[in-house]
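Working notes, structure below.
Read-outs throughout are calculated quantities, based only on the coordinates presented, and are distinct from any laboratory measurement. What you see is a predicted model, and the numbers here were worked out from it, not measured in a lab. Neighbour counts run over all protein chains shown; Cβ positions are idealised from the backbone, glycine included.
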Amino acid sequence: MTLGVGPATFQARRRILTGCFMAKINIDGKELEVPPEYTLLQACEVAGSEVPRFCFHERLSIAGNCRMCLVEVKGGPPKPTASCAMAVRDLRPGPNGEAPVVLTNSPMVKKAREGVMEFLLINHPLDCPICDQGGECDLQDQAMAFGVDSSRFHENKRAVEDKYIGPLVKTSMNRCIQCTRCVRFTAEVAGTGDMGAIGRGEDMEITTYLEAAMASELSANVADLCPVGALLQKPQSFQARAWEYVKTPSVDVMDALGSSIRIDTRGREVMRILPLVNDAINEEWISDKTRHVVDGLKKQRLDRPYIRENGRLRPASWQEAFGQIADRVKASKPERIGALAGDLATVEEMFALQALMGKLGSPHLDCRQDGSKLHPKFGRASYLFNSTLAGVDQAGAIMLVGCNPRREAAVLNARFRRAWAKAGTKFHVIGERADLTYHYNYLGAGPAALQGLEGHAPAAEAHPMFVIGSGAFNRPDGEAVLASALKSARAMGVIAEGWNGFNVLHHAASRVGGLDIGFVPGAGGLDAAAMAKAGGLDVIFLLGADEIDIAPGAFVVYIGTHGDRGAHRADVILPGAAYTEKSGTYVNTEGRVQMADRASFPPGDAREDWAVLRALSEVLGQRLPFDTLAALRAALYAAHPHMAAVDTIVTADFGEAPQAGACDQADFASAVLDFYLTNPIARASGVMAECSALAQARAGQMHLKAAE
Amino acid sequence: MAVRRLAEIQPESFAFTPENLKWCEAQIAKYPAGRQASAVLSLLWRAQAQNDYWLCKPAIETVATMLDMAPIRVLEIATFYSMFNLEPVGKYYVQLCGTTPCALRGAGAIRKVCESKIGPERKVSADGLFAWAEVECLGACCNAPMVQINDDYYEDLTPESFTQLLDDLAAGRPVRKGSQTGRISSEPSGGDTTLSDPSLHDGSALGVWKQRFETVTPDQQPG
């Protein structure tokens with residue numbers, strides 16, 4: 001039955017949605033009230049009765065094809081019922097108005113579960129000892145809990161060819177129980193529709209179209225969803241067992257979302273990265289880069305200090321390296337020294353570097369390697385994702401300006417897609433015309449389209465939203481673009497009483513933290529581009545800054561983790577710790593302060609970056625006033641109190657108005673050109689390189705097709 | 001039915017003929033905007049008909065593009081339904097009914113003819129004209145045994161008549177569709193067993209029933 005839109009049905013629907021109208025149900029002798037749209041499975045969960053399931057997943061559509069969640073109902077059909085696919089409102093009350101009864105532990109249910117499990121195991125190989133899923137396998141667990149000890153099946157098991165579905169997911173299709181979670185994920189969440197089930201009956205096989213690699217940036221999530229060992233993380237095959245890992249909850253730094261992750265280590269080695277459920281940010285997904293950047297943590301690492309001698313880098317001791325830096329710093333005037341912070345830096349180390357530069361007397365600081373014109377003086381609201389990521393679910397219309405969320409924040413793009421598909425949110429794009437996995441209305445490529453909206457009437461939809469990528473601000477006219485965007489946002493009701501839909505989508509994990517602590521040029525200070533150009537400065541400290549080319553001439557001190565662009569240019573390299581190897585604070589694009597935890601230790605002589613800066617300050621004769629991370633944090637919290645409010649969102653305000661001016665008419669371009677290779681860790685990863693090559697080949701093919 | 005895969009040798013491209021394209025557009029127009037994927041079966045069927053009764057990879061991709069579907073969605077459908085042939089089936093595709101009524105009436109002998117005259121099942125014959133496959137009931141049990149060749153049924157087969165039929169098709173001679181023994185539709189095979197009085201058919205029985213009332217005697221008339 002489809003609900004009409006008359007006032008009566010609207011009322012009914014509102015009652016249902018607000019939960020004022022509850023249905024009574026009796027589950028295993030416990031009577032409770034639940035919203036009538038709940039499935040029996042959800043109701044059973046509320047009642048505390050465990051129901052096994054394979055195909056059902058909270059964030060995917062209901063398939064009802066594994067039959068593992070069978071329960072007995074009174075007030076419904078007189079047979080075992082798939083609880084995931086029947087709603088509480090579909091059950092009849094008893095003859096005297098008693099609540100419908102659901103039994104999850106009756107003899108009928110026990111027999112039904114044993115039967116389903118026996119059928120599932122008919123074609124499932126008994127290779128748990130060599131299966132990577134062993135120990136964290138739903139089928140294993142549920143066979144132990146709900147199955148019987150032996151099978152009555154004496155025929156041969158079916159054999160299925162393994163499929164190639166990309167460099168990240170290994171298949172072992174004999175193990176597949178055809179729950180179709182992976183198919184539903186790629187169709188609904190990722191939106192690329194990569195996977196499907198071909199054939200039918202016993203010959204049904206899960207595959208991609210002619211075994212092409214999956215095109216989604218979220219593709220590796222299908223291996224998490226797989227309840228058996230049919231889809232596994234390919235780079236981590238045959239490496240470790242589930243019970244060998246030490247699990248550390250932490251924060252992702254591959255994009256500016258700050259997704260919640262779990263870092264699994266064995267000994268000192270990071271083995272894998274998994275998503276943690278965080279409904280405010282990443283829900284249950286992480287991008288392929290977040291997950292499979294792991295091998296990049298072990299390659300190209302800087303594990304000892306280096307000094308450039310006669311044009312070549314040679315290993316050196318800390319004292320030697322510090323000594324050389326001290327000589328150069330002492331020989332330079334303070335106004336010829338500068339510092340740049342990279343995209344993966346924590347707030348603590350930026351704060352320490354800022355303090356050191358302050359003591360040296362240099363105003364030349366910048367955390368915006370890409371030349372972004374965002375600045376703390378315009379107010380915190382001018383550079384945050386003010387509505388919060390969860391606010392996307394309320395938005396009636398979203399304008400994407402100068403960003404490609406699929407590349408800049410793949411997990412957020414899945415949220416955009418859901419808003420489009422489920423809530424009917426309208427999307428408009430100013431910038432590059434890319435395949436975002438949802439339909440949008442294209443308004444133009446450059447600032448002219450944005451300026452055209454300055455006099456626009458308020459948007460017709462409730463809660464309109466602007467999402468502006470960092471690509472819109474890292475151009476010479478960035479400030480004018482910001483002014484124009486703010487003007488349009490105010491005209492269209494994006495910034496209104498009680499709603500701030502003015503959202504900046506950063507792509508660098510460190511950026512908001514850097515802007516928050518004011519890691520920007522001081523009075524008379526040079527910005528990143530001016531520091532980098534020839535003759536700009538004599539000594540430049542790069543805190544993991546790899547996305548900028550420093551012209552020859554300056555003496556470059558690189559504090560970082562990987563032998564990447566910055567290290568190649570460096571005159572002295574001080575080895576630091578990667579994000580899995582240090583405890584640090586990151587502020588995500590929403591302004592949410594999050595604390596990452598240390599999961600392993602930096603390699604060799606490398607040290608945590610703040611400690612390197614502290615030791616360097618001593619040699620430079622400008623001792624920083626903190627000896628421990630706790631003391632550093634105390635100083636940080638004293639200077640910037642909001643950094644102490646971990647995992648909270650503080651409403652931000654706008655500050656000084658940016659200078660309006662003429663924008664040049666160059667098209668907006670996304671700040672991220674290659675999703676897989678955005679930072680030094682990813683560039684060191686062989687897995688990411690393979691993904692990048694595949695993505696480029698795919699783009700080339702699309703280009704050819706479009707040209708035809 | 002075994003695992004079904006696309007043929008190894010595929011044509012370079014596929015395009016609907018202008019008439020078929022028009023027909024396809026009419027099919028797509030039947031469905032509301034945004035629901036054009038509902039036309040996928042019709043389009044695949046037409047593509048197969050145009051392409052010698054098999055679906056090639058370019059045809060699947062053409063249909064996917066026309067309906068704005070991911071190609072895997074179309075492949076799922078093409079591999080699900082056994083009436084979509086994924087490999088070439090020759091000029092004449094013989095579908096032999098092997099279900100119980102036909103089996104009882106001699107489908108086994110017809111199968112032997114297929115094996116000897118055409119070759120192994122699901123392989124195109126050397127001359128490229130024929131391929132055959134055993135299928136489930138085609139619903140012509142009264143006229144068993146039977147085969148379907150392309151769009152037509154050929155019924156009441158014997159090994160001899162079926163051999164003749166294949167020879168005639170191969171030689172391009174006209175063939176009789178339907179029953180090969182001459183009966184019409186599914187009427188009894190050994191001749192009629194009811195309504196067999198010739199007077200029923202020569203017109204002499206017309207009005208006989210009514211005459212019985214007209215020849216009643218006068219004294220029986222109501223008076």
- Query: Counting partner chain Cβ atoms within 10 Å of every residue's Cβ in B:77-89, what's the average?
  - Reply: 2
- Query: Which whole-Hz ³J(HN,Hα) couplings does region A:644-656 yield from phi under the Karplus relation 6.51 cos²θ - 1.76 cosθ + 1.60, θ = phi - 60°, glycine and proline marked x?
  - Reply: 7, 8, 5, 6, 10, 10, 10, 4, 9, 10, 7, x, 3
- With only Lys, Arg, Asp and Glu charged, each at its Cβ (+1 for the first two, -1 for the last two), find how big the charge dipole of chain A is about the Cα centre; round to the nearest 20 debye. 300
- Message: If I stretch the segment between B:T100 and B:N20 completely, what's the gain in nm (0.36 nm per residue apart, minus their alpha carbon distance), one decimal?
- Response: 25.0 nm
- Item | Exercise: per-residue mean of other protein chain Cβ atoms within 10 Å, A:204-216 | 3
- Task: Working from Cα positions, state the angle (0 to 90°, nearest 10) between the long axis of helix A:347-360 and the longest principal axis of chain A.
- Result: 10
- Item | Length-normalised contact order for region B:18-80 - Cα pairs under 8 Å, 6+ apart - percent | 26
- Item | Amide proton proximity set for A:E283, modelled H, under 5 Å, gap of 5+ | A:N278
- From the P(r) of region A:190-345, can you give the percent of Cα pairs sitting at distances over 19 Å? 69
- Phi-based couplings in Hz for region A:338-343 (Karplus 6.51, -1.76, 1.60; Gly and Pro marked x): x, 9, 10, 9, x, 7
- So how strong a dipole does chain B carry about its Cα centre when Lys and Arg Cβ are +1 and Asp and Glu Cβ are -1, to the nearest 20 debye? 500
- Long-range amide H contacts for B:I149: which residues qualify at under 5 Å (H placed 1.01 Å from N, peptide plane, sequence gap of 5 or more or a different chain)? B:Q95, B:Y154
- Query: Mean residue ellipticity at 222 nm from the helices of chain A, using -39,500 (n - 2.57) per DSSP H segment of n ≥ 4 over the full residue count, to the nearest 500 deg cm²/dmol?
  - Reply: -7500 deg cm²/dmol
- Item | For peptides A:342-348, A:247-253, sequence by mean Cβ density within 10 Å, most packed first | A:342-348, A:247-253
- List the relative contact order of chain A as a percent without decimals, with contacts defined as Cα pairs under 8 Å and 6+ residues apart. 14
- Could you tell me the largest-minus-smallest coordinate of the C-alpha atoms of region B:18-80 on each of the three principal axes, in descending order and whole angstroms? 29, 26, 17
- Final fewest-first order of B:S82, A:S219 on the 10 Å Cβ neighbour count is B:S82, A:S219
- Cα-based helix-to-principal-axis angle, A:478-491 vs chain A, degrees rounded to 10: 40
- Could you work out how far helix A:318-331 tilts from the main Cα principal axis of chain A, as a 0 to 90 degree angle to the nearest 10? 50
- Message: Can you tell me the length gained on complete extension of the stretch A:F119 to A:D605, counting 0.36 nm per residue apart and subtracting the Cα distance?
- Response: 169.4 nm
- Residue among B:A37, B:T65, B:Y53 farthest towards the positive dipole end of region B:18-80, charges placed on Cβ: B:A37
- Task: Pull up all non-local amide H partners of A:V251: gap of 5 or more, or a different chain, and H-to-H distance under 5 Å with H placed in the peptide plane.
- Result: A:I261, A:D597
- Task: Starting with the fewest neighbours, write out A:M702, A:M643, A:M350 ranked by other beta-carbon atoms found within 10 Å of each beta-carbon.
- Result: A:M702, A:M643, A:M350
- Averaged over the residues of A:189-195, the number of partner chain Cβ atoms within 10 Å of each residue's own Cβ comes to 2
- Query: In percent, what relative contact order does chain B have, based on Cα pairs under 8 Å that are 6 or more apart in sequence?
  - Reply: 14
- Equivalent ellipsoid semi-axes, chain B, via Cα gyration tensor eigenvalues times 5, rooted, Å: 48, 27, 15
